[in-house]
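Shown next, in structure tokens, is the structure this report addresses.
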Amino acid sequence: MFPIQIEKQPKFVQYRYRLILYASIILWLLPLIAIMLVSLRSLSDLNAGNYWGIPTEINFIDNYSEVFIRSPMARYFLNSLIITIPTTIVTLLISSMSGFTLAIHKFKLNMFIFAMFIAGNFIPFQILLVPVRNITIQFGMYDTWYGLIIFHIAFQSGFCTFFLRNFIKELPFELVEAARADGASEFYIYSKIVLPLMRPALAALGVLIFTFIWNDYFWALVLVQSDSVRPVTVGLQALRGQWVASWNLIAAGSIVCALPPVIMFFILQKQFIRGLTFGAVKG
Amino acid sequence: MIKYLKKNQIKIAPFFFLAPSIILFVLYVIYPIIDSIWVSFHSWNGMDRGLLGLSGELKNWKWVGLDNYKELIFDDYTFPINLLNNLKWLVLSLLVIPIGLGLAIFLNQNIREMKFIKPLFFFPFVINLVVVSLIFTWFYMPKYGILDLIFRFFGLEPIAFLAEETLATYAIIFAFFWPAIAYTMIIYLTGLTNVNTEVVEAGRIDGASGISMFWNVILPQLRPATFIATVVTVVGALRSFDMVAIMTKGGPWGSTSVLAYKMYEEALFSYRMGYGSAIATILFLIMDIYIVWFLYRLFQNEKSEK
């Protein structure tokens, strides 16, 4: 344990530690607390310059219903779900296959392909921008959900393959050998032996990929343009132009946009952190 | 045939398992990289490459050799500004690592309420950059922003950070710190829970404490965490597109633009695909240094494990 355990210190030190801890958490979350408070205010308060004083009225219902009913935010929100959920599922499926084979089978290009998938994670998006946009237009998928979904699947499969390959590499190889000796097919080994063991890794990755896709801004900006397909990130930025100085609405919209990954994070915290810190302990 | 497949299935299986992801990856990642580099040697407005003009020449697509690169490096006065901003992002973002480590050490205690407090520290990382950017845009906003309020509280003259050419980039980078510190902190907290307690206790017996303990015992054990934190932070900093696009759109007067943003503007607003691709290629070459370093480290580890 490092540093020295605080419980073994005198009471005074413990109280001081707690005091600093609580103060720092408030400071750390101040931007968020502030935006939450503003999302409850009325426009007349804001116009009068009353951002921080006591609000004359609490406009929680007004603001959020304005965001959900009188703006396309609900549509954007739905679009984000339509894009994010299939992407996550298909990415996990195809990466579990490629991760499996890269971990289990020996063949000439194995290392090369593995290196290619890893390298793909670090490239700047801009080098893909022009060709990916053209491919999407040529396939007739510009401004559709599919265009975004397929691109995200392709790009994220690099990271997921990397992650899953290393995970499977850690599993005891004897399992595979024993199954082979019993005459099991490779597909059987994948689907009935390795896949069930991969469950914790898939959960960790799933949460992470969901968050990455939900939070994507760049590709949504480049591959999609109409309200009926736009996800929340780009949608929120567009609404900001309409709402100009109605910071109460911008704040409410921001909270709606940020919420799903936050909820997911709190529910599946353990998986999330496991996915994120993968490689930070070993390797 | 089926018999042959069954017999050789271990040899054939990789093709089957790899096919979906390889096809997509080659189509959407590998091919685009090559095509972008190819486009960077041309002048192209993004329209049909094969379209012929009146004189029988290709109308939209013309080979220009290294002209795009020459123009970028020698004639474009915004290029050094962009490159310098990228450098600022890169260097300053490294500060995130010691700050994240410090915070992780501060939080690495087992008191009861820590279970609830740690996640609260994490979650700026989960919030998307659009929202982070909006929050900070408003944080910096003159007259009503929190910062303005704080400045006036201390009797200082408020500054409109995002409107000041000399300060705007730093203001955006500071906003990036928020999620980035959260990330490095998560990485280090996990690293700290895996620090070998026996070594720490042995160090204590040898009289190591405080700073010497940190340098000689703790930090070496955190090396993998430091490596990952550095790689991810640097890649994130070079991708700084989202925050620049939302907070300032590269302004005021192009002072906050970075290569990634300039590329986007040239390609999608000025329809200069070739020129934009040249910028992207340069960005790609810079990033390659990291890719090579990362792969080298990874395969070194792989070898040593065998």
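In order along the stretch B:101-113, phi translates into HN-Hα couplings of 5, x, 5, 5, 5, 4, 8, 7, 10, 9, 4, 3, 6 Hz, rounded to whole numbers, per the Karplus curve 6.51 cos²θ - 1.76 cosθ + 1.60 with θ = phi - 60° and x for Gly and Pro. What the Cβ-Cβ distance of residue A:174 and residue B:84 gives, at R0 = 60 Å and to the nearest 0.05, is a FRET efficiency of 0.60. Would you mind pulling out the separation of the Cα centroids of the stretch B:197-248 and the stretch B:9-43, in Å? Here the two parts' Cα centres lie 35 Å apart. Put a dot 7 Å past the Cα of residue B:116, heading toward its Cβ, do the same for residue B:149, and the two dots end up 2.5 nm apart. With helices as the sole contributors, the protein assembly as shown gives -21500 deg cm²/dmol at 222 nm; each DSSP H run of n ≥ 4 counts as -39500 (n - 2.57), and the sum is divided by every residue.
So for chain B, averaging the separation of alpha carbon pairs under 8 Å that are six or more residues apart and normalising by length, what relative contact order in percent results?
Numbers: 318 pairs, mean separation 79.0, N = 306.
Once divided by the residue count of chain B, the mean separation gives 26 percent.
Under a Gaussian network description of chain B, with springs only between Cα atoms under 10 Å, the residue in B:170, B:77, B:31 that fluctuates furthest is B:31.
Report, as an integer, the average count of C-beta atoms from other chains found within 10 Å of each Cβ along B:115-123. Walk me through the numbers before you get to the answer.
Values: counts 1, 1, 6, 3, 6, 6, 5, 6, 9.
Mean shielding by partner chains, rounded to a whole number: 5.
Report the full-extension gain for the segment residue B:8 to residue B:63: residue separation times 0.36 nm, less the Cα-Cα distance, to one decimal in nm.
15.0 nm
In summary, the lysines within cross-link reach of residue B:11, defined as a Cα separation below 27 angstrom excluding same-chain residues under 8 places away, comprise A:106, A:108, A:169, A:192, B:3, B:303, B:306.
Take the alpha-carbon positions of chain B, form their convex hull, and give its projected area averaged over all directions (one quarter of the hull surface) in nm².
On the way: hull surface 108.8 nm².
Directional mean of the projected Cα hull area for chain B stands at 27.2 nm².
As an equivalent ellipsoid, chain A spans semi-axes of 41, 30, 15 angstrom, where each value is the square root of five times an eigenvalue of the C-alpha gyration tensor, largest first. For the residues A:227, A:62, A:143, a GNM of chain A with alpha-carbon springs under 10 Å puts the largest fluctuation on A:62.
Packing-wise, with mean Cβ within 10 Å as the measure, how do B:223-236, A:188-201 rank, highest first? Walk me through the intermediate numbers first.
Details: B:223-236: 20.1, A:188-201: 16.0.
For the peptides B:223-236, A:188-201, the packing ranking is B:223-236, A:188-201.
For chain B, a Gaussian network of Cα nodes joined below 10 Å ranks B:82, B:68, B:128 by mean-square fluctuation, and the top entry is B:128. The modelled label-to-label distance between residue A:85 and residue B:198, using points 7 Å beyond Cα along the C-beta direction, is 5.0 nm.
Working from Cα pairs under 8 Å separated by at least six residues, relative contact order for the stretch A:6-68 is 24 percent. Per the Debye calculation on the stretch A:6-68 with a single equal scatterer at every Cα and no solvent contribution, log₁₀ I(q)/I(0) for q = 0.15, 0.22 Å⁻¹ amounts to -0.61, -0.88. Multiplying each eigenvalue of the alpha-carbon gyration tensor of the stretch A:186-247 by 5 and taking the square root yields semi-axes of 40, 13, 7 Å, largest first, rounded to whole angstroms. Spacing of the modelled spin labels on residue A:137 and residue A:26, each 7 Å from Cα toward Cβ, amounts to 5.4 nm.
In square nanometres, what is the average projected area of the Cα convex hull of the stretch B:203-276?
On the way: hull surface 30.7 nm².
Averaging across all directions leaves 7.7 nm² for the Cα convex hull.
Under 10 Å from the Cβ of residue B:128, count the other residues' Cβ atoms, weight Lys and Arg +1, Asp and Glu -1, and hand me the total. Net charge around residue B:128: -2. Remark on the protein assembly as shown: ratio of C-alpha radius of gyration to 2.2 N^0.38 Å is 1.04. Note: relative contact order over the stretch A:72-276, using C-alpha pairs below 8 Å and six or more positions apart, is 35 percent.
Could you tell me the distance between the Cα centroids of the stretch A:211-283 and the stretch A:43-122, to the nearest Å? If we compute the Cα centre of each part, the gap is 5 Å.
Please compute, for peptide A:100-106, the average count of beta-carbon atoms on other protein chains lying within 10 Å of each residue's beta-carbon. Numbers along the way, then the final one.
Details: counts 4, 8, 4, 0, 4, 7, 3.
That average works out to 4.
Counting only alpha carbon atoms, the long axis of helix A:73-104 and the longest principal axis of chain A meet at about 20°. Compute the label zone of residue B:76 within the stretch B:271-291: residues whose backbone N is under 15 Å from the point 7 Å along Cα-to-Cβ. In the stretch B:271-291, the label zone of residue B:76 (backbone N under 15 Å from the point 7 Å along Cα→Cβ) covers B:271-286.
Every number in this text was worked out from the coordinates using simple rules, so none of it is lab data. Just so you know, these numbers come straight off a predicted model, no measurement behind them. As a convention, Cβ positions derive from the backbone with ideal geometry for all residues, glycine included, and neighbour counts pool all protein chains shown.
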